[in-house]
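One structure is given below, encoded as structure tokens.
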Amino acid sequence: MCGTELSSLPDGVQRVARALQVAGHPHAPRMLDDAARTAQQAADALGIGVGQIAKSIIFRRKDDDAAVLVITSGDRRVDEKKVAALVGKIGRADAGFVKARTGFTIGGVSPVAHAQPPVTLIDRELYRFDEIWAAAGHPHGVFRLAPADLEKLTQAPVADVVQPPAA
């Protein structure tokens, strides 16, 4: 993306685009016609399976008030007990906390370019796919990557952090 294209994007998407450029990531953010605030909405807009959406869930760590980012497959639910076993006791994060710590609103939280670096965990279930898509800092913004790219971009560990799939 050149400077002119970049400046026409929402602020959060601009931050994500710059972070991806600096990291040498080959895929720039893409703006969707409709908002994709949920994994299902994003999957529908992209014509892919909901599992290929890398959803970013923010929790609040209780002992130090740190943001904990769990990046999980769109068809899975985070197991808060598994996350707590890895990072300490956590609780739900409200919209104000998410915005203050990440710089993004809920529905557009990117795995990169946070206002304050979060404690991050990557769901190993994302590795079921060669290609995944993540939010790019705005409910209309997404970007393409591989699970290994996510690991490289975030420098986060891969862990078992989800509930078993429903039978």
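Any read-out appearing in this document is the output of simple, stated calculations on the displayed coordinates, not a laboratory observation. Predicted, not measured: the structure shown is a model, and the values here were computed from it. Ideal geometry is used to build each Cβ from the backbone, glycine not excepted, and the neighbour counts take in all protein chains shown.
Length available on full extension from D33 to L46: 0.36 nm per residue minus the Cα-Cα distance, which gives 3.6 nm.
So if I place +1 on the C-beta of Lys and Arg and -1 on the C-beta of Asp and Glu, and nothing else carries charge, what would the dipole magnitude of the chain be about its Cα centre? I want it in debye, nearest 20. Present the calculation step by step, with values, prior to reporting the outcome.
Working: 20 positive and 19 negative charges, 85 e Å.
Here the chain has a charge dipole of around 400 debye.
When each of the peptides 130-143, 97-110 is scored by how many other beta carbons lie within 10 Å of its residues on average, the order from highest to lowest is 130-143, 97-110. Here the 3J(HN,Hα) profile of the range 65-75, calculated from phi with Karplus coefficients 6.51, -1.76 and 1.60 at θ = phi - 60°, is 6, 6, 7, 10, 9, 10, 9, 10, 5, x, 9 Hz, Gly and Pro shown as x. Rg over Rh for the chain works out to 0.94, both radii taken from alpha-carbon positions and Rh defined as the Kirkwood radius.
Taking 23 Å as the straight-line reach from the Cα of K81, the lysines in range (excluding those fewer than 8 positions away in the same chain) are K55, K62, K89. Each Cα pair under 8 Å and six or more residues apart adds its separation to the average, and for the range 3-159 the resulting relative contact order is 27 percent.
Placing one equal scatterer on every Cα of the range 82-167 and applying the Debye formula, the log10 ratio I(q)/I(0) at q = 0.25 Å⁻¹ is -1.42.
S8 to A146: extension gain in nm, 0.36 nm per residue of separation minus the Cα-Cα distance? Write down the numbers at each step before the final one.
Details: separation 138, 0.36 × 138 = 49.68 nm, distance 2.65 nm.
Once the chain is fully extended between S8 and A146, it gains 47.0 nm.
Under a point-charge model restricted to the Cβ atoms of Lys and Arg (+1) and Asp and Glu (-1), what is the dipole moment magnitude of the range 1-96 relative to its Cα centre, in debye to the nearest 20? Don't jump to the answer; show the numbers that get you there.
On the way: 14 positive and 12 negative charges, 82 e Å.
The dipole magnitude comes to about 400 debye.
Put simply, the amide H of A36, placed in the peptide plane, has neighbours under 5 Å in H140, leaving out anything fewer than 5 places away on its chain.
Just from its helices, what would the mean residue ellipticity at 222 nm be for the chain, if runs of 4 or more DSSP H residues each count -39500 (n - 2.57) and the sum is divided by every residue, rounded to the nearest 500 deg cm²/dmol?
Values: 6 runs with 49 residues, N = 167.
So the helix-based figure for the chain works out to -8000 deg cm²/dmol.
The DSSP beta bridges internal to the range 3-159 are antiparallel in roughly 65% of cases. Spacing of the modelled spin labels on K62 and K81, each 7 Å from Cα toward Cβ, amounts to 1.5 nm. The 3J(HN,Hα) values that the Karplus relation (6.51, -1.76, 1.60; θ = phi - 60°) gives for the range 110-117 are, in residue order, 7, x, 10, 6, 6, 4, 10, x Hz. Gly and Pro appear as x.
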